[in-house]
Amino acid sequence: MPAPRPGSPVRGSETGRPIMALLDLLGRKTALRLLWELRNGSLKFRELQAAAGTNPGLLNKRLAELREVGIVDLAADGYRLTPDGRDLLDLLLPLTGWADRWSQRLESAPEDGG
């Protein structure tokens with residue numbers, strides 16, 4: 001399956017709106033994990049595989065998709081985020097704070113069963 005692209009049908013959108021294409025891409029197994037593992041710099045394939053805890057087949061597939069859309073590239077020292085990939089990660093990082101606050105609210109809220 002090719003990487004999701006704006007303008008083409010993607011999961012959740014027949015029109016392929018850019019945000020839906022991005023969410024489809026990031027929602028694929030290990031995609032976000034790979035961005036996270038590459039946050040501090042380049043990693044060779046086996047290092048990235050170990051860090052992400054995935055198998056080589058899935059890693060190859062995800063890296064191919066992320067490279068195809070310009071989020072990750074391959075350099076002499078391993079896989080790394082492109083400038084677009086770094087920008088994307090910078091935009092996603094603030095979600096961590098929101099998710100932590102949300103988690104705390106859910107943990108402290110009484111369960112009322114709906």
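Results, tabulated for the structure shown:
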{"item": "Which numbered condition residue 67 misses (of (1) in contact with a strand residue (DSSP E or B) (Cβ under 9 Å, 6 or more places away or on another chain); (2) modelled with pLDDT of 95 or more; (3) not in a helix (DSSP H, G or I); (4) not β-branched (Val, Ile, Thr))", "result": "(3)"}
{"item": "Some residue of region 1-14 being in contact with a Ser or Thr (Cβ under 7 Å, 6 or more places away or on another chain) and surrounded by fewer than 14 Cβ atoms within 10 Å (Cβ to Cβ)", "result": "no"}
{"item": "Residue match in region 42-52 (condition: of a type outside the set (A, V, I, L, M, F, W, C), surrounded by fewer than 14 Cβ atoms within 10 Å (Cβ to Cβ) and not in a loop (DSSP other than H, G, I, E, B))", "result": "yes"}
{"item": "Number of positions in region 15-27 that are more than 16 Å from residue 88 (Cα to Cα) and surrounded by 13 or more Cβ atoms within 10 Å (Cβ to Cβ)", "result": "2"}
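The values are calculated or read from the model by the stated rules, or taken from the named source; none is laboratory data. Please read these numbers as outputs of a predicted model, since none were measured by experiment. With ideal geometry, Cβ positions are generated from the backbone for all residues, glycine too; neighbour counts draw on all protein chains shown.
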